């Protein structure tokens, strides 16, 4: 993974945990940056206009339009004439007073519009971020599909999928990390020494199909899921067959339920289990208090220390790494032209959040390879592809900047927002 360090972050560089992370220091103030080339989209020589406005000191928004004629509706996925509409938010942490963070709204399991998340966070600007469950019929549609790290609280674990590309920001100094994180978690009974691996954090467990009709999951011979829940997930934990153990702030058992589903109070967490793991959980939790171990590591196996002020969201595929385009080959609708949201850092020490409108005659969108080419042209040495499609949204002070592809703005799982003001401290 790659860290990019700015401003006051230089004072704390030696305190960062992962020795394998590469530290890129911003060049000396005053060094001129190279003029950005036109976007490498479509035919050479297409007309391209750029309009830039300053939103705050060190924060600019650039509106780029490439191509002048609307695309024929049947050529949106094939035209080489565009048009393309790109909005680029650039944050220079050496000048901007504020911090980048992730926010999910009132609870993790449900969705909110990006404009609402920006407004509620009192942010200057924001974009949609993580991939999330999304299905309208889902009981918990906002549940992140991958990393969800909010103010030092791991509320959703990385999937372990090689396609996942995560973005982590330290809001104390706007230090940004991109790459793929891994996670392991377990429960340890401090009195008996019993240990049980955790499978998920804040994801509804699945009852094994072979035991779907068993109300007493402890009689099931087939392994199920073991999941840790926190009060941030929803008003109540998922209900259904299985067992649930409620823990106080010290990890000591305060209640044991023979079916799942309960409300958690402040300071409480719970662990649910299905299948044969239901009996294993009851055994692990018996006669003692539980220690929960949760470890995030980078792709080199180095541990990432989690602390207040640390935020992280998930994406799918890195676009650039160390200045090179690294997006893999692929086919299918995900790799075809779509609206896109991307985030990354530049060599001269800036954070960039960008949206590319798509699926419209007025902006056709980009393939994964075109998206990576745009990131490279914008000077992003390290960039990830965030959730896109109908989720792609940019908002300034709660007002839409781009044009989402659906009939209305889609509610999403979380957003990356830039909040003006003093840096985040470690106090809560």
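The values are calculated or read from the model by the stated rules, or taken from the named source; none is laboratory data. Since the model is a prediction, treat every value here as computed from it, not as a measurement. Cβ placement follows ideal geometry from the backbone for every residue including glycine, while neighbour counts extend to all protein chains displayed.
Annotations for the structure displayed:
- Just one of (1) buried (at least 21 other Cβ atoms within 10 Å of the Cβ); (2) more than 12 Å from the chain's Cα centre (by Cα); (3) over 23 Å from residue 253 (Cα atoms) fails for residue 146. It is (2).
- The number of residues in region 130-155 that are touching a helix residue (DSSP H, G or I) at 6+ places or on another chain (Cβ under 9 Å) and at pLDDT 95 or above comes to 2.
- Residue match in region 239-257 (condition: part of a loop (DSSP other than H, G, I, E, B), surrounded by 17 or more Cβ atoms within 10 Å (Cβ to Cβ) and touching a helix residue (DSSP H, G or I) at 6+ places or on another chain (Cβ under 9 Å)): no
- Subset tally (residues that are out of contact with any helix residue (DSSP H, G or I) (no Cβ under 7 Å at 6 or more places or on another chain), farther than 21 Å from residue 392 by Cα and either in a loop (DSSP other than H, G, I, E, B) or not assigned by TED's automatic domain parsing to the domain that holds residue 176 (or both)) for region 83-105: 4
- Hey, residue 319 buried (at least 22 other Cβ atoms within 10 Å of the Cβ), without any contact (Cβ under 8 Å) to a residue 60 or more places away in the chain, in a strand (DSSP E or B) and touching a strand residue (DSSP E or B) at 6+ places or on another chain (Cβ under 7 Å) or not: no
- Each residue in region 350-387 was checked for being touching a residue at least 40 places away in the same chain (Cβ under 8 Å), surrounded by fewer than 22 Cβ atoms within 10 Å (Cβ to Cβ) and not in a helix (DSSP H, G or I), and 7 of them qualify.
- Here the strands (runs of 3 or more DSSP E) wholly within region 153-206 that include at least 2 residues being buried (at least 21 other Cβ atoms within 10 Å of the Cβ) and in contact (Cβ under 8 Å) with a residue 12 or more places away in the chain are 153-156, 164-170, 175-179.
- Long-range neighbours under 9 Å by Cβ, at least six apart or interchain, first residue assigned by TED's automatic domain parsing to the domain that holds residue 365 within region 59-82, second part of a helix (DSSP H, G or I): 81/75
- Residue in region 65-84 that is closer than 16 Å to residue 352 by Cα and at pLDDT 95 or above present: no
- Identity of the residue in region 390-410, crowded, with 21+ Cβ neighbours inside 10 Å and touching a strand residue (DSSP E or B) at 6+ places or on another chain (Cβ under 7 Å), that ends up farthest from residue 359 (Cα to Cα): 395
- Subset of region 207-232 [closer than 16 Å to residue 156 by Cα, surrounded by fewer than 21 Cβ atoms within 10 Å (Cβ to Cβ) and touching a strand residue (DSSP E or B) at 6+ places or on another chain (Cβ under 6 Å)]: 225, 230, 232
- Residue 96 vs. criteria under 30 Å from residue 265 (Cβ atoms), in contact (Cβ under 8 Å) with a residue 40 or more places away in the chain and surrounded by 24 or more Cβ atoms within 10 Å (Cβ to Cβ): no
- Only a single criterion out of (1) buried (at least 24 other Cβ atoms within 10 Å of the Cβ); (2) over 25 Å from residue 142 (Cα atoms); (3) without any contact (Cβ under 8 Å) to a residue 60 or more places away in the chain is not satisfied by residue 342, namely (2).
- Test for residue 235: is it surrounded by fewer than 23 Cβ atoms within 10 Å (Cβ to Cβ) and not in a loop (DSSP other than H, G, I, E, B): no
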